[in-house]
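We did not get these values from a lab; they are worked out from the coordinates using the rules stated. Just so we're clear, the structure is a prediction, and the values are computed from it rather than from any experiment. Counting neighbours? That spans all protein chains shown, and the Cβs are built from the backbone with ideal geometry, glycine included.
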Protein chains: 4
Amino acid sequence: MAFQLPVYHHPDFSALGLDDAPNVRWGTVEQNGVIPEGFHSTSMYPEYFKIDGNWKLAASSRMDACIVLRDDGTLHVVTGRHLKQGDLVALGRSEDGSEGIYVHTDGFEDPTASNGEKFSFRQGRSRETAYTRDYDDLIELLQYERDHGFIEWVMGPAFAFDADSRHAMQRLVEEGYAHALSGGNALATHDLEGAMFHTALGQDIRTQQSMPNGHYNHLDTINRVRRSGSIAQFVDDYDLHDGIMYACVKKSIPFLLAGSIRDDGPLPETIADVYESQHQIRVLARKATTVICMATMLHTIATGNITPSYHVDEDGTVRPVYIYAVDASEFVVNKLHDRGSLSAKTIVTNVQDFIFIVAKGLGVL
Amino acid sequence: MAFQLPVYHHPDFSALGLDDAPNVRWGTVEQNGVIPEGFHSTSMYPEYFKIDGNWKLAASSRMDACIVLRDDGTLHVVTGRHLKQGDLVALGRSEDGSEGIYVHTDGFEDPTASNGEKFSFRQGRSRETAYTRDYDDLIELLQYERDHGFIEWVMGPAFAFDADSRHAMQRLVEEGYAHALSGGNALATHDLEGAMFHTALGQDIRTQQSMPNGHYNHLDTINRVRRSGSIAQFVDDYDLHDGIMYACVKKSIPFLLAGSIRDDGPLPETIADVYESQHQIRVLARKATTVICMATMLHTIATGNITPSYHVDEDGTVRPVYIYAVDASEFVVNKLHDRGSLSAKTIVTNVQDFIFIVAKGLGVL
Amino acid sequence: MAFQLPVYHHPDFSALGLDDAPNVRWGTVEQNGVIPEGFHSTSMYPEYFKIDGNWKLAASSRMDACIVLRDDGTLHVVTGRHLKQGDLVALGRSEDGSEGIYVHTDGFEDPTASNGEKFSFRQGRSRETAYTRDYDDLIELLQYERDHGFIEWVMGPAFAFDADSRHAMQRLVEEGYAHALSGGNALATHDLEGAMFHTALGQDIRTQQSMPNGHYNHLDTINRVRRSGSIAQFVDDYDLHDGIMYACVKKSIPFLLAGSIRDDGPLPETIADVYESQHQIRVLARKATTVICMATMLHTIATGNITPSYHVDEDGTVRPVYIYAVDASEFVVNKLHDRGSLSAKTIVTNVQDFIFIVAKGLGVL
Amino acid sequence: MAFQLPVYHHPDFSALGLDDAPNVRWGTVEQNGVIPEGFHSTSMYPEYFKIDGNWKLAASSRMDACIVLRDDGTLHVVTGRHLKQGDLVALGRSEDGSEGIYVHTDGFEDPTASNGEKFSFRQGRSRETAYTRDYDDLIELLQYERDHGFIEWVMGPAFAFDADSRHAMQRLVEEGYAHALSGGNALATHDLEGAMFHTALGQDIRTQQSMPNGHYNHLDTINRVRRSGSIAQFVDDYDLHDGIMYACVKKSIPFLLAGSIRDDGPLPETIADVYESQHQIRVLARKATTVICMATMLHTIATGNITPSYHVDEDGTVRPVYIYAVDASEFVVNKLHDRGSLSAKTIVTNVQDFIFIVAKGLGVL
């Protein structure tokens, strides 16, 4: 059964008794990067602000940002540290419209759905949960998004450790199922080590056999990429022909490598400033329609905080953004559990097996 | 590449300097179920006992049992509680032959293997380990064992919760990849609930949708099996046609259901006495050549303690017994980690994904 | 601040609109251990049954049992397998009174409590949850229950592995903070090994140093207890003077040792039949007013299923039964999470540290 | 028993047969931040380099760095990215002296220690390990290091969530048991939220009660610190008087806040550039003699990679650096498991309980 986008319902403000709600109030930024007291903090849900008597939807919301009103009447979702002196920032801490701010949490819900279904969606998910339908749904979703959406993969380094999962991810990129990749320095390092030495941290990625002096492999890889000056140049210099980064280079898929304090190197493309990394994650989040976070608590939470639950297309259509968190640990996936029923799914498994099953299901292996 | 059984090497007692080792000493049991002080406790490795100047191998050893010498000169591995007054029990607490007892831990090791390989086998395994080769090896092994060995599956209830993994397991049984199943009352209960109601604990096994009053489904299932008098009769009475227990009934594959203190019911076949269950697990362990333990710490440890690392065929050939422990938790699989390098493998993943990948690899899906 | 028992409020059936509710229907058992179709299955909450126009509370409910009406008009909560031919069993599968069955889930809730509080109680709990208040509450509760209640400790074997936690538990028993212990064969075995050899599985319980041939220690311990014939006799025969079992023997605190398929031995007191063990757990559950389950998924779930959320004192007063689940794994404690807000608490930590802090807080160390 | 520093034994190069070992070779850096091929990569152990016939110890080694020889004959441990054109870098990939490089892994080992002890030290550690001796040892160590060493605490945010553990940490700082703190933006944010609002992420840190609109508390806290311009100024501006950061400010204990991609804010002191953070962690690592990493995989690994296993005092004395990793997850602590037996300890528990027990043991509560 092919995937069907759910229809978005704008709030009926009259039915909500909000015809007489006041306009939202605005405060002025006095100091760069400091928000006026009483500011409104955004959620990942669609939010409406009453301005001159009209309710206006802010596009591309995220957790914990501000709403800025520009002179041209447009609304912008801006992080506190990016505020400039003189910016107008929405004030108010209620979400029910009584201060001119309305947070719309159930715009994609089907009013005909039974309560039983809602309940089951909100239950905890663990290693014992049945994921058959989740795999089926995800495969249908990816088939749709490949041509009509923007699929972002957020990845921990584990993928590069294992020949089969590394190959599965390469094939997904090659076959169009990735519009962007987001990860850290280690993901690219170990993947490129695999391309150059067929190892990850010195162990053969197929047999797990430790190579003599194999712990030098990732250091030699990093050092050579630094000498080449870029990953693309390195792939060319050493005539590499497999792996995740190779596929991104070949298919011109953008990848975002956020630096971390545990990095070796780093690789030339890795971003040293975490707030610049966060900004680039946000740039992707504004485009993404499906985000799959795998085996990285840090990137999963960073991305989850920044990604809206909805996307406003150029023609004004509002559609959901689907977020998946896949991890071997219940603790990690539960960190995303309260994003609401429709948009976030969690799967507790080894990500190597996950990606293999997804790639098989999509027929790319 | 097809699977090759490793060759077993008996110890060279002369080369070990054991030509003058004493005969093993024996003590006499004075009270049923109580062992003489100073008894020798067995391991899962092949053990040799010097009797009348000859070293004799005990077949089918296990952890923490006694060696009994019968009047006909045969050696038997007997649990302490099964000892009878008058039994002769081997005494001695060294394993190097100096008391006539020699434990042979490396009979299957290839003396030409490099140290590097050995080291890599003994490293810790986690969710980040590369399992590509393990899957490849396991699939080759199962193809061999299907016709030449005895494959025992030890299963927690999680398999029955998910439509795909339940079907994968059914197919493995139907296609000859299971010679016995071992689990608990819950595995059979939830699998039969799936056959009767398409649910597990009231949730649809494909969609996870909670059925109205679905928490009654497993109680009704148990109650009806109890009325039918047996699982086979229940399958017939209600004309069921899918699932793991259904496949076992249809293919006459023996299943062992050990009772536990958390059981509802129980089902008629469930064994109430844990030491009788342990005995039946031991009966299977004497036959098994490959044992795959999935998602059950209790049964994994119980089986691991009882299963030898080697099997003596009727013609006297000694071959390894392969044990796998598959679980989402490193904590669980590490409980089996010290069974020695050749015979025990651990895989950290969601068992639903594991069984799906194995079944795909064997071509039964 | 001293602990205060919350007041129980019976349902107001008139206010619930149940004045015209029908009497509950009854079915007759036709075959021992088989329940009539359409039976009502109990919960751990107080349940009321309308008989001859009056609503009657069943005492000591539990999950998944039946309600039997005896000739003398009394109600009994009976497991399906204990039903006898001719027993009258309550029928009906709604819980709102419409079939004469009313399940009262909020009898202990304070109607003046704010919604905010309720919400916070129901949130997931993890290793990052703040437990300061839980420790404070638990210590106040134990001080109260020591003299006015019945405290049952349900324990995995981990306590016996560590000198400090083993001593803390011994002190709690000695000072009156335990009215019963429930665990498995391994708990008693390792504790007694500690008393005889100062080791657990051969490692010194204070220094972790492995003793030469220490793996024999638990086997020798078991064997000697079996020779002595009972734990009490063994403590006397070998003049032991520390540990958890020693304290129970000295203070005549009952202990329940349920057998499992992974047992060595077993010890003489260990119960081989799991359904007899379950029955004995149920006997304790009828008495218990506070139950603390630590580091054992099997016993925690078994006990949780069987323990009511309320206790009816001899004078008819209804009070809550408090259940705690303490474990290092979120997965385990979450298994108990849906027992309702007031009665079940979960704490994610190492149980050795937990018991040390509790014993310190109670001033027994 | 008071803590005793183990004695360090330099290698006996003659006894090792290394009298005729060659001098180490050197390569010249041709491009800033790019290492010559064949470079030697350092470990955390003491390493000796043969120069002009003499073996010379490099101070303050770390994982995966280079050895640079300055014109004055001194050796420096330098990260690849900090190399400058013209630097001389040690070449060679053997560690046994045969290329003039000797890695000394057992300088602190007592040659009289038995093998049994060594083996027990290297066993895996889990939630079931006995930690009694570890607590005793750690408390003695901290008593010694308070006056004679440099204690660094590496902390995840969990400490600030709980009133008791936050207070315990405050007391340790106040009583001289911390010479530096290292963590992230979230630790300081939630701790300061606790000082200002008595909440963490909006929940009361003692009662867990959710405050109305409490999710604004951490945003308001961050915003106000940004307005104040520094944490110290914020503490002063709002007259705060409790918590971890408060104690650091009051006692002038340096704290290092490394930024991450999941940060809100950030606070003014938080370092945005991860490689500058890594450098500051390294500056601390050169001073530290005991490092305790708690509940943060990212910082634990980052710190572990960078911290030597030994410290060379100003008078040339070589002493061990003790590293502890404390976490609720075996997976996290095992990441540090192979740093060698003497210097690294792992404890699996909830860090809130850990710090409470440590503070109690040191008598500061």
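Computed values, structure above
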| item | result |
| --- | --- |
| Percent of beta bridges antiparallel (DSSP, chain C, rounded to nearest 5) | 55 |
| For chain B, built as a Gaussian network whose Cα springs stay under 10 Å, the top-fluctuating residue of B:196, B:169, B:245 | B:196 |
| Top positive-direction residue, dipole computed over the stretch B:132-361 with Cβ charges, set B:197, B:139, B:306 | B:306 |
| Relative pair counts by distance (%), Cα atoms of the stretch D:12-70, 10 Å bins | 19, 48, 29, 4, 0 |
| Candidates B:173, B:283, B:235: whichever shows maximal mean-square fluctuation once chain B is modelled as a Gaussian network with Cα springs under 10 Å | B:283 |
| When each of C:250/C:360; A:335/C:335; D:50/D:84; B:250/C:84; A:250/A:335 is checked by Cα-Cα distance, pairs over 27 Å | B:250/C:84; A:250/A:335 |
| Rounded to the nearest 20 debye, dipole of the stretch C:1-114 from Cβ charges on Lys, Arg, Asp, Glu | 440 |
| DSSP beta bridges in the protein assembly as shown [antiparallel fraction, %, rounded to 5] | 55 |
| Total formal charge among the other residues, if their Cβ is under 12 angstrom from that of residue A:227, Lys/Arg +1 and Asp/Glu -1 | -2 |
| Partner chain coverage, peptide D:129-141 - average Cβ within 10 angstrom | 5 |
| Cα centroid separation, the stretch D:291-305 to the stretch B:160-180 (Å) | 43 |
| Copies compared at residue D:109 - label distances in nm, ascending, label defined 7 Å from Cα in the Cβ direction | 1.9, 6.3, 6.4 |
| Longest site-free stretch - chain A; sites: trypsin sites (Lys or Arg not before Pro), DSSP loop, at most 12 other Cβ within 10 Å | A:85-365 |
| Normalised convex hull volume, the stretch D:162-256, alpha-carbon set, Å³ per residue | 83 |
| Tail fraction, Cα-Cα pairs, the stretch C:212-365, threshold 26 Å, whole percent | 39 |
| Cα extents of chain C along the three principal axes, largest first (Å) | 74, 50, 35 |
| Pairwise Cα inverse-distance average, inverted: Kirkwood Rh of the stretch A:1-114 (Å) | 15.0 |
| Cα lying deepest toward the dipole's positive end in the stretch C:132-361, options C:346, C:208, C:160, charges on Cβ | C:346 |
| Dipole-positive endmost among A:2, A:103, A:60 within the stretch A:1-114 (Cβ charges, Cα centre) | A:60 |
| Gap separating the Cα centres of the stretch B:228-281 and the stretch C:2-47, nearest whole Å | 32 |
| Residue with peak Gaussian network fluctuation, chain A [Cα springs, cutoff 10 Å], from A:136, A:242, A:164 | A:136 |
| Chain D - charge dipole about Cα centre, Lys and Arg +1 at Cβ, Asp and Glu -1, debye rounded to 20 | 520 |
| At q = 0.04, 0.05, 0.08 Å⁻¹, base-10 log of I(q)/I(0) for the protein assembly as shown (Debye sum, equal scatterers on each alpha carbon) | -0.26, -0.41, -1.14 |
| Cα-centre dipole for the protein assembly as shown with unit charges at Cβ (Lys and Arg positive, Asp and Glu negative), debye to 20 | 0 |
